[in-house]
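Student: Take this structure, written in structure tokens, and hold onto it; I'll ask about it next.
The values are calculated or read from the model by the stated rules, or taken from the named source; none is laboratory data. All values derive from a computational prediction rather than experimental measurement. As a convention, Cβ positions derive from the backbone with ideal geometry for all residues, glycine included, and neighbour counts pool all protein chains shown.
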Amino acid sequence: MGTAKSVTRRNEWQVMSVNLELTTKREHQFLIAALTGELDHHSAEAVRGKLDLELEIHPGTHLILDLSGLTFMDSSGLGVILGRYRKIKSLGGEMAIVNIPHAIEKVVQISGLHKIMHFYRSKSEALREMKGGLH
Amino acid sequence: MFENEMNLSFLSLSENESFARVAVASFVAQLDPTLEEINEVKTVVSEAVTNSIIHGYPEKNGYIYLNCKISGDRMELIITDHGIGIKDLEQAQQPLYTSRPDLERSGMGFTIMESFVDQFHVTSEEGNGTTIHMVKYFKTSKRAIYSEV
């Protein structure tokens, strides 16, 4: 894969809680974060802490949030997503969401997130579109 | 008509959010709902329980009481806490309103609950706690089909 060369082991990390797993991968100024499991008030704390740390260390990071592995999300999850969006914007970055699974579609729809954030069907589409928008 | 009822009480710890929604989802599975309906039930339980944990018992833990009745194709869910209550119920139910922006609450909890059930009612008294009462009909339930025969 062409992009694999730009990824080093140092730039990948994983956070586990009982119901949620967060895996991240950095590709230059892009941070790709994949969530697997259940994102609720309980698991939100770990996600918020880890992502914020990464965003503060590398200001100007663009975040691609891959939700394909989520089996559950409620309004606490929406709060985490909105919170990261505001933080990234304040640090000069962009944020996109990819792969909304069927199980959380309705919550996302009601939230109106699509009105303020970019949604893409795949990580490669998000990377392509976001890189295009930055030039 | 098939009828069943259960009661749960548990401490207001965030660890119990997933426990509560899984318990109710398993219980209502007797009505043979669709995956989408099960997801909606899990979401409303999670919202109500999280509300009690964050807003009902912000400083010290207390008990959350959950009563679930199923009858035919109907589920009735009552979630109660004896916490601090909600000062302004009308304001609390406005979409995007949150009393705790410091905790990154989205202010969508009540809106989501209202959208995912057929009947929704909140009562609250300052100093005495909050009760959320919800009714949901499982439209594709096999038991609903049987009851029409």
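Student: Among the residues of the range B:108-130, write down those that are surrounded by 17 or more Cβ atoms within 10 Å (Cβ to Cβ) and either aliphatic (A, V, I, L, M) or facing another protein chain (nearest Cβ under 8 Å) (or both).
Tutor: B:MET108, B:GLY109, B:THR111, B:ILE112, B:MET113, B:PHE116, B:VAL117, B:VAL122
Student: If only one of B:ALA25, B:ALA20, B:ALA48 is without any contact (Cβ under 8 Å) to a residue 24 or more places away in the chain and not acidic (Asp, Glu), which one is it?
Tutor: Being without any contact (Cβ under 8 Å) to a residue 24 or more places away in the chain and not acidic (Asp, Glu) holds for just one of B:ALA25, B:ALA20, B:ALA48, which is B:ALA25.
Student: Taking only the range B:1-27 into account, find how many residues are among the polar types (S, T, N, Q) and part of a helix (DSSP H, G or I).
Tutor: 3
Student: Filter the range A:30-49 for residues that are closer than 19 Å to A:VAL107 by Cα and assigned to a strand (DSSP E or B) and give the result.
Tutor: A:ALA34, A:LEU35, A:THR36, A:GLY37, A:GLU38, A:LEU39
Student: Run B:GLN30 past the list (1) at pLDDT below 95; (2) crowded, with 17+ Cβ neighbours inside 10 Å; (3) assigned to a helix (DSSP H, G or I) and report the number of the one that doesn't hold.
Tutor: Evaluating B:GLN30 over (1) at pLDDT below 95; (2) crowded, with 17+ Cβ neighbours inside 10 Å; (3) assigned to a helix (DSSP H, G or I) leaves (2) as the failure.
Student: If you don't mind, another one. Taking B:ILE70 and the conditions (1) more than 23 Å from A:ASP40 (Cα to Cα); (2) among the β-branched types (Val, Ile, Thr); (3) in contact with a Lys or Arg (Cβ under 7 Å, 6 or more places away or on another chain), which numbered condition does it fall short on, given that it satisfies the others?
Tutor: (3)
Student: Taking the condition of being over 24 Å from B:MET1 (Cβ atoms) and within 14 Å of chain A (Cβ to nearest Cβ), how many residues in the range B:36-60 meet it?
Tutor: Within the range B:36-60, residues that are over 24 Å from B:MET1 (Cβ atoms) and within 14 Å of chain A (Cβ to nearest Cβ) number 16.
Student: Which condition from (1) of a type in the set (Asp, Glu); (2) within 13 Å of chain A (Cβ to nearest Cβ); (3) over 18 Å from A:ILE104 (Cβ atoms); (4) in contact with a strand residue (DSSP E or B) (Cβ under 9 Å, 6 or more places away or on another chain) is the one that B:GLU15 breaks?
Tutor: The single condition B:GLU15 does not satisfy is (4).
Student: Given B:ASP102, B:ASP81, B:ASP88, B:ASP73, which one is modelled with pLDDT of 85 or more, surrounded by fewer than 17 Cβ atoms within 10 Å (Cβ to Cβ) and of a type in the set (Asp, Glu)?
Tutor: B:ASP88
Student: Would you tally the residues in the range B:24-55 being over 12 Å from the mean Cα position of the chain (by Cα) and among the aliphatic types (A, V, I, L, M)?
Tutor: Here the count works out to 7.
Student: Looking for something touching a helix residue (DSSP H, G or I) at 6+ places or on another chain (Cβ under 9 Å) and under 19 Å from B:GLY107 (Cβ atoms) - is there at least one such residue anywhere in the range A:120-135?
Tutor: Scanning the range A:120-135 turns up no residue that is touching a helix residue (DSSP H, G or I) at 6+ places or on another chain (Cβ under 9 Å) and under 19 Å from B:GLY107 (Cβ atoms).
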